[in-house]
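Below: one structure, written as structure tokens.
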Amino acid sequence: MIRSAMPEDIPLLVDIWLRASRQAHDFIPAGFWEARAEAMARDYLPAAEVHVLDIGSRVIGFAALNDDHLEALFVDPDVQGYGHGSRLMAHAMERRRRITLCVYSRNVRAVSLYRRLGFQVCGEGEDPLTGEQETRMQWTRQPACE
């Protein structure tokens with residue numbers, strides 16, 4: 001079931017974010033992520049529209065949006081590879097006409113996921129916090145035929 005996040009979910013969401021970030025972004029020192037965990041819990045997640053994937057009373061992933069921008073999509077590393085990220089994205093895409101995002105270019109697995117979901121590359125740049133290259137992507141719902 002996908003539902004809106006509740007305040008009591010935040011510690012678990014931060015744990016998923018931290019473990020998944022260290023795994024997916026092994027090209028960035030783990031300390032970078034650890035130093036940002038408190039801000040994620042205090043500032044970023046509470047300010048976003050967060051949808052969690054809850055399976056059998058266990059939260060295993062989440063998508064966080066600010067307006068039409070996907071700020072975060074993370075699935076517990078223990079259950080990645082089973083389509084949970086795609087399921088969360090489908091949920092977000094049902095609720096938006098357009099979604100933008102930035103993803104580290106070296107996170108090839110994530111870039112591939114977004115491409116499979118219909119996102120197009122619209123630019124590249126450097127993340128000022130890490131110096132890593134980012135790929136900017138966008139998805140737009142096609143209007144129905146008239």
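The table for this structure:
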| read-out | value |
| --- | --- |
| Under the Karplus curve 6.51 cos²θ - 1.76 cosθ + 1.60, θ = phi - 60°, whole-Hz ³J(HN,Hα) for segment 38-55, x wherever Gly or Pro sits | 5, 5, 4, 6, 7, 10, 5, 5, x, 7, 9, 8, 10, 10, 10, 9, 10, 10 |
| Positive minus negative residues near Gly81 (Lys, Arg vs Asp, Glu; Cβ under 14 Å) | +1 |
| 222 nm mean residue ellipticity, helices alone, for the chain (DSSP H n ≥ 4; -39,500 (n - 2.57); rounded to 500) | -8000 deg cm²/dmol |
| Cβ-based net charge around Val59, under 15 Å, with every Lys or Arg adding one and every Asp or Glu removing one | -2 |
| Among Ile28, Ile99, Ile60, residue whose mean-square fluctuation peaks in a GNM of the chain (springs only between Cα atoms under 10 Å) | Ile28 |
| From the coordinates shown, Cα Rg over 2.2 N^0.38 Å corresponds to which of [x] 1.29; [y] 1.17; [z] 1.02 | [z] |
| Top of Arg115, Arg22, Arg58 by mean-square fluctuation, Gaussian network on the chain, Cα under 10 Å | Arg58 |
| Virtual spin-label span in nm between Tyr82 and Arg136, 7 Å along Cα→Cβ | 3.7 nm |
| Listed residue (Leu101, His25, Leu117) projecting farthest to the positive dipole end of the chain, Cβ model | Leu117 |
| Antiparallel %, DSSP beta bridges [both residues in segment 2-140], to 5 | 95 percent |
| Dipole magnitude of segment 2-140 about its Cα centre (Cβ charges: Lys, Arg +1; Asp, Glu -1), debye to nearest 20 | 580 debye |
| Within-15-Å neighbourhood charge of Arg3 [Cβ basis; K, R +1; D, E -1] | -2 |
| For segment 89-101, 3J(HN,Hα) per residue [Karplus equation, 6.51 cos²θ - 1.76 cosθ + 1.60, θ = phi - 60°, Hz, x = Gly/Pro] | 5, 4, 4, 5, 5, 5, 9, 9, 8, 8, 9, 10, 6 |
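Read the figures in this text as sums done on the coordinates, not as results from a lab. Note that this is a predicted model, so its numbers are computed, not measured. In this analysis, Cβ positions are derived from the backbone assuming ideal geometry, glycine residues included, and neighbour counts consider all displayed protein chains.
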